[in-house]
Amino acid sequence: MTNITLVPGDITRQAVDAVVNAANSSLLGGGGVDGAIHRAGGPEILRECRALRSSRYSEGLPAGQAVATGAGLLPAHWVIHTVGPVWSCSEDRSELLGSCYVESLRVADALGARTAAFPAISTGAYRWPVAEAARIALRAVHGTETGVAEVRFVLIDNTARDAFAETLQQLGGSG
Ligand code: AR6
């Protein structure tokens, strides 16, 4: 049974087994959550990301997929990097966004993680409307069989927190 929780604040401060990064396909860092994770986690994470680029992901990590590295100096064991889809008004990319959560949980399970912290993937630089992103995120987690006992959504702003809280209530979950 997975407990879904919503907490305010900065994802880099979470003491959990796995922190999920809203990365881009390059796996080489960026702004937002990605920038914060690499800044707080130190160069070891980037070193592992570069190794993944030269081995398994020479073309980059496709949207909707996930891969793990160590967590460097973060108070976590692993960082799970996933790539959200960029918002499009002409194309429905919700399956790809849902896949970020499902695949991240699959990677978390393979690692034996019991607690995982997620940001609101694709709701920043990738411009996804937060209410819709919250619905997709929570449905994906709710519908996934996982050994992760706590899925913690770490939401830095009030708009995201309200959207996630409302959707979670509709799903009959905790928060
Ligand atoms: N802790 C928790 N949430 C945060 C934090 C933080 N420290 N910082 C930002 N957010 P974004 P995306 C929120 O842009 O939309 C990067 O450059 C933020 O308010 O980090 O998936 C990557 O390299 C927003 O609600 O991720 C990619 O190029 C949410 O986290 C691209 O941005 C996600 O915002 C990915 O864009």
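Numerical summary
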| quantity | calculated |
| --- | --- |
| From ARG127, ARG152, ARG139, residue being part of a loop (DSSP other than H, G, I, E, B) and open to solvent by 30 Å² or more (accessible area, probe 1.4 Å) | ARG127 |
| Counted residues, region 3-37 - those being touching a residue at least 24 places away in the same chain (Cβ under 8 Å), more than 6 Å from the ligand (Cβ to nearest atom) and surrounded by fewer than 17 Cβ atoms within 10 Å (Cβ to Cβ) | 10 |
| Residue list for region 31-83, filter: small (Gly, Ala, Ser) and in contact with a Leu (Cβ under 8 Å, 6 or more places away or on another chain) | ALA40, GLY41, GLY42, GLY60, ALA63, GLY64, ALA68 |
| Hey, ASP109 part of a loop (DSSP other than H, G, I, E, B) and either in contact with a Ser or Thr (Cβ under 7 Å, 6 or more places away or on another chain) or away from the ligand (no atom under 11 Å from the Cβ) (or both) or not | no |
| First in region 79-98 and farther than 20 Å from CYS49 by Cα and within 12 Å of the ligand (Cβ to nearest atom), second anywhere and open to solvent by less than 70 Å² (accessible area, probe 1.4 Å) and polar (S, T, N, Q), Cβ under 6 Å, 6 or more apart | LEU97/SER122 |
| Members of region 112-133 that are aliphatic (A, V, I, L, M), touching a Leu at 6+ places or on another chain (Cβ under 8 Å) and either modelled with pLDDT under 95 or more than 6 Å from the ligand (Cβ to nearest atom) (or both) | ALA116, ALA133 |
| Number of positions in region 13-53 that are within 12 Å of the chain's Cα centre (by Cα) and within 11 Å of ALA71 (Cα to Cα) | 5 |
| Evaluation of PHE164 against (1) of a type in the set (Phe, Trp, Tyr); (2) within 10 Å of the ligand (Cβ to nearest atom); (3) farther than 25 Å from GLY70 by Cα (one fails), failing number | (2) |
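Conditions tested, residue by residue: (1) hydroxyl-bearing (Ser, Thr, Tyr); (2) on the phi > 0 side of the Ramachandran plot; (3) open to solvent by 40 Å² or more (accessible area, probe 1.4 Å); (4) without any contact (Cβ under 8 Å) to a residue 40 or more places away in the chain.
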residue: TYR57; (1), (2), (3), (4): yes, no, no, yes
residue: VAL67; (1), (2), (3), (4): no, no, no, no
residue: LEU111; (1), (2), (3), (4): no, no, yes, no
residue: ALA117; (1), (2), (3), (4): no, no, no, no
residue: ALA120; (1), (2), (3), (4): no, no, no, no
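The values are calculated or read from the model by the stated rules, or taken from the named source; none is laboratory data. No experiment lies behind these values; they were computed from the predicted model shown. Note that we place each Cβ from the backbone using ideal geometry, even for glycine, and neighbour counts take in every protein chain shown. Heavy atoms of the whole protein, side chains included, go into the accessibility calculation; ligands, DNA and RNA do not. Shrake-Rupley method; radii C 1.70, N 1.55, O 1.52, S 1.80 Å.
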